[in-house]
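Worksheet for the structure shown next.
The values are calculated or read from the model by the stated rules, or taken from the named source; none is laboratory data. It should be emphasised that the depicted structure is a prediction, and the values quoted were computed from it without experimental measurement. For neighbour counting, all protein chains shown are included, and Cβ atoms are generated from backbone atoms with ideal geometry for every residue, glycine included.
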Amino acid sequence: MKNNLLKYHCCFIVLHYKTIEDTRVCVNSILKLEDAENSVIVIIDNSFTVSDTGTLLKSEFKNIPQIFVIPNKENTFFSFGNNLGYAFAKRLGAEFVIMTNNDIIFPQRDFYKKVKRKMNKSQFFICGPNILDLTSECATSPIAWECLTEKEAEQDIVFYMKECEKIKRGGGGNYYRI
């Protein structure tokens, strides 16, 4: 699909849980990015059954057409919330999807250009952030110097699905790829 056929270049999925101010700051940092008008923000209210903060966000952002607030009525935690957001993002036809927690901010105004440039250069399928601790200014994420190939990413997905099945059956799991 060519870019000129896409309605949105980027879809940000923001996983919201109770802390409305964190979500506001995160969403506002996205809205300040260059090319923000060609992005969409999907807020998954992962606190729907325990808090009314998602309802407040829906009301607050109702006049911004590129923001959607979706209640996770099952309140099934992190991965299900992300999957719910991703399913919605796929229907929007965005070029790529960014999944983030609500306590993340995007200070680089040229974020989209940077990700697009890396994507064109590396042809990656999955990308993770290098998160900085603002108090120590140290990186808190491991850095992968080489991107996974599509085959390696598929192998990782199969591996972790098997690990999840082991855990569901009450067995231990090897939590790290060997």
query = Which residue pairs have Cβ atoms closer than 8 Å, lie 6 or more positions apart in sequence or on different chains, and pair a first residue in segment 75-99 that is within 15 Å of Val40 (Cα to Cα) with a second residue that is in a helix (DSSP H, G or I) and of a type in the set (A, V, I, L, M, F, W, C)?
reply = Phe96/Val115; Phe96/Met119; Val97/Ala89; Ile98/Val115
inquiry  = Considering only segment 50-64, I want to know if a residue exists there that is under 28 Å from Lys116 (Cα atoms) and touching a residue at least 40 places away in the same chain (Cβ under 8 Å).
reply    = no
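Taking into account only those residues within segment 148-164 that are under 22 Å from Lys118 (Cα atoms) and free of Cβ contacts under 8 Å to residues at least 12 places away in the same chain, which is surrounded by the most Cβ atoms within 10 Å (Cβ to Cβ)? Explain how you work it out, then say what you get.
The first filter runs over segment 148-164 and keeps only residues under 22 Å from Lys118 (Cα atoms), leaving 148-154, 156.
Still in the running and free of Cβ contacts under 8 Å to residues at least 12 places away in the same chain: 149, 151-152, 154.
Details: Thr149: 12, Lys151: 8, Glu152: 14, Glu154: 12.
Top of the filtered list is Glu152.
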query = What number of residues within segment 67-112 satisfy the criterion of being among the acidic types (Asp, Glu), touching a helix residue (DSSP H, G or I) at 6+ places or on another chain (Cβ under 6 Å) and either at pLDDT below 85 or surrounded by 17 or more Cβ atoms within 10 Å (Cβ to Cβ) (or both)?
reply = 0
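Here is a list: Ile44, Ile30, Ile64. Which entry is loosely packed, with under 15 Cβ neighbours inside 10 Å, in contact with a helix residue (DSSP H, G or I) (Cβ under 8 Å, 6 or more places away or on another chain) and at pLDDT 90 or above?
On the way: Ile44 fails: loosely packed, with under 15 Cβ neighbours inside 10 Å; Ile30 fails: loosely packed, with under 15 Cβ neighbours inside 10 Å.
Result of the check over Ile44, Ile30, Ile64: Ile64.
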